[in-house]
Amino acid sequence: MLLEEFNSVGRDDAIAVVKPALDITRWIDAIVDGRPYASADALSAAALEAAAPLTEAELDGALAHHPRIGAKVDGTSAEAAHSRREQPSVDDVTAAALAEGNRAYEERFDRVFLIRAAGRSAQDILALLQERLGSTDEQELAVVDQQLREIAALRLAAAIETEGASA
């Protein structure tokens, strides 16, 4: 959908476009109700700032839609398709290290490890996973919030094309 069209479609249609990026009602409402956006950059900025900060319950609900990093992503949902595109391919050794890191993270924080994988190598992700295991609960909540917003902004940008972009 073009940005111009997103700015003018009905609320329900706009929600349908935004929801796969981040399924948090308060965030979706802020993005949809913030229309019209003058540019893709303005939309991305709104995605990063909307409904800030997210509550722990909102974060946990959103994480339910995210697979473990490095794990094979199954399913046909928009969220699964996004995850398949975003995660780098992983060799067996790195996959095993990520699986072990995921277990340690889940044991430590009682939630799935979340990171904006797009633009990062598997080794970068593994290093950040190991680093974040030393975070306090409060520090980690802030990082998860930021990572979730970055993922949402990227997914929203992929769904909303700018004029002149190929359909």
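The values are calculated or read from the model by the stated rules, or taken from the named source; none is laboratory data. What you see is a predicted model; the values in this text were computed from it and never measured. For neighbour counting, all protein chains shown are included, and Cβ atoms are generated from backbone atoms with ideal geometry for every residue, glycine included. Please note that ligands, DNA and RNA were not included when accessible areas were found on the heavy atoms of the full protein model with its side chains. Shrake-Rupley method; radii C 1.70, N 1.55, O 1.52, S 1.80 Å.
On inspection, A118 qualifies as touching a residue at least 12 places away in the same chain (Cβ under 8 Å), surrounded by fewer than 17 Cβ atoms within 10 Å (Cβ to Cβ) and touching a helix residue (DSSP H, G or I) at 6+ places or on another chain (Cβ under 6 Å). Looking across L3, L22, one residue alone is touching an Asp or Glu at 6+ places or on another chain (Cβ under 8 Å), hydrophobic (A, V, I, L, M, F, W, C) and within 17 Å of L154 (Cβ to Cβ). It is L3. Taking the stretch 45-80 as the range and being modelled with pLDDT under 95 and under 13 Å from A21 (Cβ atoms) as the test, the residues that pass are A51, A62, H65, H66, S77, A78, E79. If you filter the stretch 147-167 down to residues that are surrounded by 13 or more Cβ atoms within 10 Å (Cβ to Cβ) and assigned to a loop (DSSP other than H, G, I, E, B), you find that the one that is modelled with the highest pLDDT is I160. Against the numbered list (1) in contact with a Leu (Cβ under 7 Å, 6 or more places away or on another chain); (2) free of Cβ contacts under 8 Å to residues at least 24 places away in the same chain, A38 comes up short only at (1). Does the stretch 46-57 include one or more residues that are over 15 Å from Q146 (Cβ atoms), in contact (Cβ under 8 Å) with a residue 24 or more places away in the chain and of a type in the set (A, V, I, L, M)? The answer is no; no qualifying residue exists. Residue count for the stretch 50-65 under the criterion of being surrounded by 14 or more Cβ atoms within 10 Å (Cβ to Cβ) and either in a helix (DSSP H, G or I) or touching a Cys at 6+ places or on another chain (Cβ under 7 Å) (or both): the result is 6.
Within the stretch 16-33, being open to solvent by less than 40 Å² (accessible area, probe 1.4 Å) and over 18 Å from E161 (Cβ atoms) holds for L22, I24, W27, I28. Taken over the stretch 90-111, residues that are hydrophobic (A, V, I, L, M, F, W, C), open to solvent by 30 Å² or more (accessible area, probe 1.4 Å) and either touching an Asp or Glu at 6+ places or on another chain (Cβ under 8 Å) or farther than 17 Å from A127 by Cβ (or both) amount to 0.
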